[in-house]
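Shown next, in structure tokens, is the structure this report addresses.
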Amino acid sequence: MAKIDTAKVMRRAWGLFRTSMQRFSRAVFAGFLRQAWAEAKDAPVTPYAYMQRWAAVPFGASRTQAIRIITSALECARVRAARYSRAGEPCNWSAAKHRSADIMRVAGLEALLAAETAGRGA
């Protein structure tokens, strides 16, 4: 299981409490602390900047949302890469570069999806 930063969890819990505008009580704060822990456990394993490179995963998305977005992007990339199985050799360097990039995009998205789904089971 990935190590969770407890300081970030406490900061998130206090932030949730402050935005709620409720009077302090242990029960109220405990509810926000449980919510902060749940968010930390469901956070993606991969940094958002890296996920932005491969798929349009918004900052702050949960792991479930990230997996759904990555799966959708992977299906689109597979469809695009499948066109090359019917095509012949590229006619110039630019076409070869784009063909290579499309095939590598599928590989990158598969690796990203594997990391996120493995993190879900932890």
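Read-outs throughout are calculated quantities, based only on the coordinates presented, and are distinct from any laboratory measurement. These numbers come from a predicted model, not from an experiment. Because the Cβ atoms are built from the backbone with ideal geometry, glycine has one as well, and the counts that use them run over all protein chains shown.
Quick check on the chain: helices-only [θ] at 222 nm, where DSSP H runs of length 4 and up contribute -39,500 (n - 2.57) each and the sum goes over total residues. Nearest 500, please.
Helix contribution divided over all residues of the chain: -25500 deg cm²/dmol.
Please sort through the DSSP H helices of the chain and keep those with an alpha-carbon extent of at least 30 Å along the long axis and a Kyte-Doolittle average not below -0.5.
TM-like helix candidates: 63-86, 93-121.
Classify region 68-122 as rounded, prolate or oblate from the Cα gyration tensor: take a ≥ b ≥ c as the square roots of its eigenvalues, call it rounded if a/c is under 1.5, otherwise prolate when a/b beats b/c and oblate if not.
It comes out prolate by the Cα gyration axes.
Given the options MET104, ALA38, SER25, identify the residue whose Cα lies farthest towards the positive end of the charge dipole of the chain (+1 on Cβ of Lys, Arg; -1 on Cβ of Asp, Glu).
Farthest towards the positive pole: SER25.
For the chain, take the alpha-carbon Rg, divide it by the Kirkwood Rh, and send me Rg/Rh.
Rg/Rh: 1.20.
Which one of ALA115, ILE70, PRO58 is farthest out on the positive end of the charge dipole of the chain, using unit charges on Cβ (Lys, Arg +1; Asp, Glu -1) and the Cα centre as origin?
PRO58
Under a Cβ-Cβ cut-off of 12 Å, what is the net charge of the residues other than PHE32 that fall near it, where Lys and Arg count +1 and Asp and Glu count -1?
+4
Which lysines, on any chain, are close to LYS41 with Cα under 17 Å apart, when same-chain ones fewer than 8 places away are left out?
The reachable lysines, counting only those whose Cα sits under 17 Å from LYS41, are LYS3, LYS8.
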